[in-house]
Each structure stands twice: as structure tokens, then as C-alpha cells.
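A short worksheet on the structure shown next.
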Amino acid sequence: MRIVSFNSSVYDSTNKLITNDLDEDHFGQFEWFENQLIDARNNNAKVWIIQHEPACSGFDAKTNKYLNLIEKYQDVITYEFTGHSHQNEFR
């Protein structure tokens, strides 16, 4: 079993420091993330994903890219853990 951390904060649409260009792989994270999943599959390992907020809570253009990877590697991903979402809250 492996624990893989995905830095979801950099893809939050409210993060003004990051562009929402679908083709841009900030910090090479998507490439690294998929390589972790490939390696887990090749070694018959299961993966738990941890991240700050869920992929569908404001990623906009990056959501489909992330969800496609989750679907592609659903045989190795057993859990996704998130800290919280930024929806339905008082400010």
C-alpha cells in the first residue's frame, strides 16, 4: 500500500497565483502523479490519495484531467482522503 499526496491547492480556481491553462502541468505534478500510479500498478500495489480539497471543488479545467486519471487507475486506487471543501461555508 502506498500513500500519494496530490497538491490540490495549486489547481483551485480561486488561487490567483496559478493560471487555469489545461495544458500547463504546474510543477510537473500530473506527470509525477500518473507515474506514481503506473509504478503502483506495475508492482501490484494499492494507493491511497491524500489532498487538501476534493478535485471537484474548484479546479475547473483541471478537474477532467484529474478525474480521467482516477478512472484510468481505479484498479490501484482504494481511497481518496481530503481535508475539506470550500463550498457551503460561512465567511
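Taken together, the values in this text are just the output of simple stated rules run on the coordinates, not laboratory data. Computed from a predicted structure; not experimentally measured. Positions of Cβ are backbone-derived with ideal geometry, glycine not excepted, and every protein chain shown enters the neighbour counts.
Express in nm, to one decimal, how much length is gained between ASP39 and PHE81 on full extension, taking 0.36 nm for each residue of separation and deducting their alpha carbon distance. List each step's numbers first, then the result.
Working: separation 42, 0.36 × 42 = 15.12 nm, distance 2.03 nm.
Extra length available between ASP39 and PHE81 comes to 13.1 nm.
Remark: spin-label model distance GLU31-ARG2 equals 1.7 nm, labels positioned 7 Å along the Cα→Cβ axis.
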